[in-house]
Amino acid sequence: MSKISTLELEERKAGKDLYSYQKGAIDKIFKAFEESPDDYHLLYQLPTGGGKTVIFSEIVRQYLKHHKKKVLVMTHRIELCKQTSNMLTEFAVHNKVIDSKADLSDQAEYSCFVAMVETLNNRLNDDKLDISDIGLVIIDEAHYNSFTKLFKFFSQSFILGVTATPLSSSVELPMTDNYDELIVGESIESLIDNGFLARANMYSYNVGLTSLVVGANGDYTVKSSEDLYTDNDMLSKLIQAYEERSKGKKTLIFNNGINTSLHVYDTFRRAGYPIAHLDNTNTKKERALILKWFKNTPDAILTSVSILTTGFDEPTVESIILNRATKSLTLYYQMIGRGSRILKDKKTFDVIDLGNNFHRFGAWGDDLDWQKIFKSPYYYLDSLLSDEELESNFRYEMPDELRAEFSKSKVVYFDVQKTYVESVRAGASSKVVLERSIEQHARICIENSEDVYDALALAKMLGDDIDFRIGRYTKCISKSTYNFVEWLKGDYRKKLNAYLRANFDTVFEDIHGYPPED
């Protein structure tokens, strides 16, 4: 590519309403243009909300001003096509959207084209679009692999891919195979510190995921996800988490599967909350009406599948609920990024994780080594903990409201695994674990009661803790058929109630030093 004079560089730096980090990124990218061959493949990373479209729109403007070649911008969704075209127009770039209905008879009048992958692929295979003078190809959301099949058409073009997460959506097609270099942009933490993004308050609720099945694409299948997340216990946990952390806040709920989202919609609607459901079967008109309602309703809840992970920008979102598990770092960042847009009176937003994603990937905004992930994606993916490993580190934490009912107890946690190991080493039966667990549960109930009826009422509130302990116990003894686990849960509850009735007076006196009043 031809060199650019110092005068032209100074002119470029002036930009159009660009922040300093955006100008710095543009300078780095143009430097790569100048120092690399015409067919160089460059990847640029910038977090969601950092303004990738602004940056590459300014790059297009400057490129067209200083080069006698054309530019092509590729996206993977029609909504992104239109948004990109509008942004380029704001930067005074005369552009044409190539969709399935586009008339290409006037293509010679344009120096910039915006196209969706599949449409472009069809037009190129039909030889309907002249690409002989395309000098620069920009690929938005470059981590999607659908773009790579088009690279053969642009063997002599400079390709610039932009993404928030330089990790391929397919394990089999690492980005390092298709790009020569990665430029890492501003970090999430830096954008937060400088007031460009809102900070995420993360709340994680432990969920058993071992029933989930991983599909051919490397992520959990829709069917196994729907089996788990449409279960009444999970729907109850979702409502509970919403009421504890998000009630009254504008909330986006992400699910894996349309059926799950519809179950969520019905559950919240029956509970009297303002909610709408959106998926890719909605018409354009329906989508527009739903998003307008969501924008204008302060405490609105919108449940969806993956349709809002890209190309959706609603700064008034205050809470994100991940009602799904994913093995995709990119999807994890995309979902949370929908709440990161700042407003005058919005500096933080809440994230509720119901898929152990926080434990798997770390907090949103952690200082990830993108260069290392780009160069060695297999190493990164292999280092992620399995669901079994994640869950072995869990410990049940009582919700604040429930913990208040047991305020007189200093410790309410019981380590099933530790007790099991100690019992086995001592030559005792594994049943000792459940006996000691029941004694500990009974003790904290009695500790916070005046009579046996109070204690029995408290015992009823321990359902989640009991289920967690039974789950941990059955893993220890390697016996976890559905019927056996369900029987154990019921048996535990009966034995806890029987223990309270038989031992209330004795335990009460042991705790307080005097018998309970008659």
Residue among Asn282, Asn255, Asn259 that alone is without any contact (Cβ under 8 Å) to a residue 12 or more places away in the chain and either touching a Pro at 6+ places or on another chain (Cβ under 6 Å) or surrounded by 14 or more Cβ atoms within 10 Å (Cβ to Cβ) (or both): Asn282
Members of segment 77-106 that are part of a helix (DSSP H, G or I) and modelled with pLDDT under 85: Ile78, Glu79, Leu80, Leu104, Ser105, Asp106
Options Leu354, Leu343, Leu329, Leu322: the member that is farther than 26 Å from Gly218 by Cα, touching a residue at least 12 places away in the same chain (Cβ under 8 Å) and among the aliphatic types (A, V, I, L, M): Leu343
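Does Asp382 satisfy the condition of being in contact with an Asp or Glu (Cβ under 8 Å, 6 or more places away or on another chain), more than 26 Å from Asp510 (Cβ to Cβ) and loosely packed, with under 12 Cβ neighbours inside 10 Å? Lay out the reasoning, then the answer.
Working: in contact with an Asp or Glu (Cβ under 8 Å, 6 or more places away or on another chain): no; more than 26 Å from Asp510 (Cβ to Cβ): yes; loosely packed, with under 12 Cβ neighbours inside 10 Å: yes.
When the stated conditions are applied, Asp382 does not pass them.
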Subset of segment 464-476 (residues that are in contact with a helix residue (DSSP H, G or I) (Cβ under 8 Å, 6 or more places away or on another chain) and not charged (D, E, K, R)): Ile466, Ile470, Gly471, Tyr473, Thr474, Cys476
Any strands (runs of 3 or more DSSP E) falling wholly within segment 272-330 and containing at least 3 residues that are closer than 20 Å to Ile352 by Cβ and over 15 Å from the mean Cα position of the chain (by Cα): 275-278
Extreme residue, nearest to the chain's Cα centre (by Cα), among residues of segment 368-399 that are among the charged types (D, E, K, R) and in a loop (DSSP other than H, G, I, E, B): Asp369
Search result, residues across segment 333-357 that are crowded, with 20+ Cβ neighbours inside 10 Å and either in contact with a Lys or Arg (Cβ under 7 Å, 6 or more places away or on another chain) or not in a loop (DSSP other than H, G, I, E, B) (or both): Tyr333, Gln334, Met335, Ile336, Gly337, Phe349, Val351, Ile352, Asp353, Leu354, Gly355, Asn357
Looking only at segment 131-158, and only at residues there that are outside any loop (DSSP other than H, G, I, E, B) and among the small types (Gly, Ala, Ser), the one that is farthest from Gly50 (Cα to Cα): Gly135
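Among the candidates Glu172, Glu118, Glu141, single out the residue that is touching a residue at least 40 places away in the same chain (Cβ under 8 Å) and charged (D, E, K, R).
Glu141
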Any chance Lys418 is part of a helix (DSSP H, G or I) and loosely packed, with under 15 Cβ neighbours inside 10 Å: yes
Test: residue in segment 153-162 that is surrounded by fewer than 17 Cβ atoms within 10 Å (Cβ to Cβ) and either modelled with pLDDT under 85 or in contact with an Asp or Glu (Cβ under 8 Å, 6 or more places away or on another chain) (or both): yes
Out of Arg395, Arg469, Arg436, Arg425, sole residue that is among the charged types (D, E, K, R) and touching a Leu at 6+ places or on another chain (Cβ under 9 Å): Arg469
Elements of type helices (runs of 4 or more DSSP H) contained in segment 426-518, each with 2 or more residues being surrounded by fewer than 17 Cβ atoms within 10 Å (Cβ to Cβ), free of Cβ contacts under 8 Å to residues at least 12 places away in the same chain and within 37 Å of the chain's Cα centre (by Cα): 482-512
Matching residues, segment 461-504, being closer than 21 Å to Val411 by Cα, charged (D, E, K, R) and modelled with pLDDT under 95: Asp464, Asp465, Asp467, Arg469, Arg472
Flag for Asp140 being in the same structural domain as Glu58 (by TED's automatic domain parsing) and surrounded by fewer than 17 Cβ atoms within 10 Å (Cβ to Cβ): no
Within segment 292-324, considering residues that are modelled with pLDDT under 95 and of a type in the set (Gly, Ala, Ser), the one surrounded by the fewest Cβ atoms within 10 Å (Cβ to Cβ): Ser306
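The values are calculated or read from the model by the stated rules, or taken from the named source; none is laboratory data. This is a predicted model, so every value here is computed, not measured. Glycine gets a Cβ as well: all are built from the backbone with ideal geometry, and neighbour counts include every protein chain shown.
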